[in-house]
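S.K.: Below you'll find the structure I mean.
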Amino acid sequence: MFPDALLDRFAAPIRALPDKKRALTWRLIRIVLALLAGAGTAFAHPPFGVLIGLLGYPLLMILSERSDTVRGAFWMGWLAGFAYFFVGCWWVAEAFFVNPEQAWMAPFAASLLPAGLGLFWGTATALYRRWAPLGAVRVLLFATLFCAAEWLRGHVLTGFPWNPAGATWRAGGGMSQFASVVGVYGLSLVTVAATAAFAPLIGPGAKRSRLISAGLGALALIGVGTFGAVRLAQSDLQFTDTVVRLVQADVKQETKWSPEAYRSIVDRYVALTGQAAARTPDVVVWPEGALPASANDVFASADAQAIAGALRPGQTLLMGLARGEADPRAPEGGRYYNSLFALADEGGAGLRVAAVYDKHRLVPFGEYLPLGSIMTAIGLRSLVHMPSDFSAGPTPAPISFPGAPPAQVLICYESLYPGFTPGAAGRPEWIVNASNDAWFGATSGPRQHLNLASYRAIETGLPIARATPTGISAMIDPWGRIVDGQRLDPGVMGVIDAPLPRPTGITPYGRFGDWPFFLAALTAFLLSLWPLILRSRVRSNRLAI
């Protein structure tokens, strides 16, 4: 039975209700459907993988265009966005339970974050309701406006690009490979447009054109999957002579900063670093903020000698630590940075700082407070265990150090951002992702973070060495796949000794960045408005006559 008949059968009992009760019933149904649309698309993402949830996009499109007003369409988008980000980001509340004194902030984090991010979806659906043309071509307008809002979400006020629509597909699979051409935002445009193409099946218009719309959507998905399958079939995974050791010490965040735990944590990292191996690793990678102390304190203590003693001659240690430096212009007389140090073993002479990378893109409320003076006045502070908020480092750039080719460091949250790694001039040969997902415990957050970080490998054609304190640590190849056996899951203590994969050639995305996405979005936008342009010309001609 065609969907129109099913819709009529469902609506008949409601149409028989009295006016007020009928209006209230339809309103409640729209609210529930909007929430289901957002939650469905969220559950389509890893680690859930309920891909039928992608039908939430055509459902949201239908709800938007059938709203009586632009304001009603806004609320449909906002409700769907709230549900989407609540399901996808509820784990942020876990971080506030690490410190019992900040636990009261958890409900606000879990609700205010999706409420704010939902404004982007609401704006997109309101604009769609305002401009939507007739016919199946309106699918292009919905997809363009929606993905433009998603791009803005990833950039406005430093951005929060968690779970864009394109990252619905498991990184390393066939569908994800199209990100090597258009990036994750371009893949989002294809994903939303292809799934929203099924929306015209329910609604007015010639049945033939509606079926063609759905067929084109299915063909687009098949085309993306075929491209990915061919790319993976042609992949030729090769390895360099560099061996990297990824250290996962399984240090829980809630106990990390107690004085009693410090000695145990240092001893654990030192033991794992010095663990015997068939071949001595060239580079050892510790995660973000590995030790619960600042670099200034660690380097001035006997722990520096213990760390140096765990290294072999010629090895380089990449260690995540906070560091401070004097700055009379800062309110506290100094600035603090979330950093990764490249420490070269000098063969008995201790450790030499070969390079330092300071985190550029900081986590709001985690590492700094937006509107800090106002937030502090009402009793809020960031989660960092430092005298003041972290400061942002310079624009990310590759670093060089002994024992390995040049690398681009992305500390934790930075791995969400496309475009931080040079794709042509100055291109590194691998990415180091030092992260601290221990803040989020046994939630979906660390698994989603792994999937999102793996998209940077697909986009750039570079392997990623990913180290976290509690998992998931992994060696990821240039196609976004975890190298066989090179993974440590949450709650596991150990090391990964993995040869570093060779990068691929420069990908189209690495060469052109988001420009293909902008061009495709602009083209889709103009095509979607063409019927309105023709209609306005006809009206003008009639008035002229």
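Laboratory data are not the source of any read-out in this text; all were calculated from the coordinates shown. As the structure is a computational prediction, the values presented were derived from the model and not from experiment. Using ideal geometry, Cβ is built from the backbone for each residue, glycine included, and neighbour counts are taken over all protein chains shown.
S.K.: Using 0.36 nm times the number of residues separating Tyr262 and Glu325, minus their current alpha carbon distance, what extension gain do you get?
M.R.: Using 0.36 nm per residue and subtracting the Cα-Cα distance, I get 20.4 nm.
S.K.: What FRET efficiency, computed as 1/(1 + (r/R0)^6) with R0 = 51 Å and r the Cβ-Cβ distance, is obtained for Leu527 and Ala442, rounded to the nearest 0.05? Display every interim value, and only then the final one.
M.R.: Working: r = 46 Å, r/R0 = 0.90.
For R0 = 51 Å, the calculated efficiency reads 0.65.
S.K.: Please give the residues of the range 450-471, grouped as numeric ranges, whose backbone N is less than 18 Å from a label point set 7 Å along the Cα-to-Cβ vector of Gln102.
M.R.: Taking a point 7 Å out along Cα→Cβ of Gln102, the residues of the range 450-471 whose backbone N falls under 18 Å are 469-470.
S.K.: Positive end of the charge dipole of the chain (Lys, Arg +1 and Asp, Glu -1 on Cβ, about the Cα centre): tell me which of Leu317, Leu452, Gly135 has its Cα farthest that way.
M.R.: With unit charges placed on the Cβ atoms, the residue in question is Gly135.
S.K.: Roughly what % antiparallel, to the nearest 5, for the DSSP beta bridges in the chain?
M.R.: Rounded to the nearest five, the antiparallel share is 65 percent.
S.K.: While we're looking at this one, here's another question. Taking the dipole about the Cα centre of the chain, with the C-beta of Lys and Arg at +1 and of Asp and Glu at -1, give me whichever of Pro406, Leu33, Ala498 is farthest to the positive side.
M.R.: Going by the Cα projections, it comes out as Leu33.
S.K.: Between Ala276 and Leu157, how high is the FRET efficiency from 1/(1 + (r/R0)^6) when r is the Cβ-Cβ distance and R₀ = 51 Å? Nearest 0.05.
M.R.: Working: r = 48 Å, r/R0 = 0.95.
Working from the Cβ atoms, E equals 0.60.
S.K.: Need the C-alpha centroid separation for the range 140-195 versus the range 205-242, integer Å.
M.R.: Going from one Cα centre to the other spans 15 Å.
S.K.: Of Leu189, Ser176, Thr69, which is farthest towards the positive pole of the chain's charge dipole, taken about the Cα centre with +1 and -1 on the beta-carbons of Lys, Arg and Asp, Glu respectively?
M.R.: Thr69
S.K.: If you don't mind, there's one more thing I want to ask. Extension gain Val353-Leu216, at 0.36 nm per residue separation less the Cα-Cα distance, in nm?
M.R.: 43.7 nm
S.K.: Still on this model: Ranked by Cβ crowding within 10 angstrom, fewest neighbours first, how are His360, His449, His155 ordered? Could you put the intermediate results ahead of the total?
M.R.: Details: His360 20, His449 23, His155 12.
By the 10 Å Cβ count, ascending, the order reads His155, His360, His449.
S.K.: Let me spell out the model: positive unit charges on the Cβ of Lys and Arg, negative unit charges on the Cβ of Asp and Glu, origin at the Cα centre of the chain. What dipole size does that give, in debye rounded to 20?
M.R.: On the way: 44 positive and 35 negative charges, 614 e Å.
Roughly 2940 debye, rounded to the nearest 20.
S.K.: On to the next question. With +1 on each Lys and Arg Cβ and -1 on each Asp and Glu Cβ, and nothing else charged, work out how big the dipole of the range 240-512 is about its Cα centre, in Debye to the nearest 20.
M.R.: Here the range 240-512 has a charge dipole of around 420 debye.
S.K.: Also, quick follow-up: Could you compute the FRET efficiency for Leu17 and Val70, with r as their C-beta to C-beta distance and R0 at 22 Å, rounded to 0.05?
M.R.: Once the sixth-power term is evaluated, E becomes 0.25.
S.K.: Can you work out the Karplus-derived ³J(HN,Hα) for every residue in the range 457-474? Use 6.51 cos²θ - 1.76 cosθ + 1.60 with θ = phi - 60°, whole Hz, and x for glycine or proline.
M.R.: Karplus-based 3J(HN,Hα) across the range 457-474 equals 5, 5, 5, 9, x, 10, x, 10, 9, 10, 10, 9, x, 10, x, 9, 8, 6 Hz.
S.K.: Rg/Rh for the range 201-326: what does it come to with C-alpha atoms and Rh from Kirkwood? List each step's numbers first, then the result.
M.R.: Details: Rg = 25.9 Å, Rh = 19.3 Å.
Using only Cα positions, Rg/Rh for the range 201-326 is 1.35.
S.K.: Once you have the Cα-Cα distance between Phe227 and Lys207, take 0.36 nm times their residue separation minus that, and quote the gain in nm to one decimal.
M.R.: 4.2 nm
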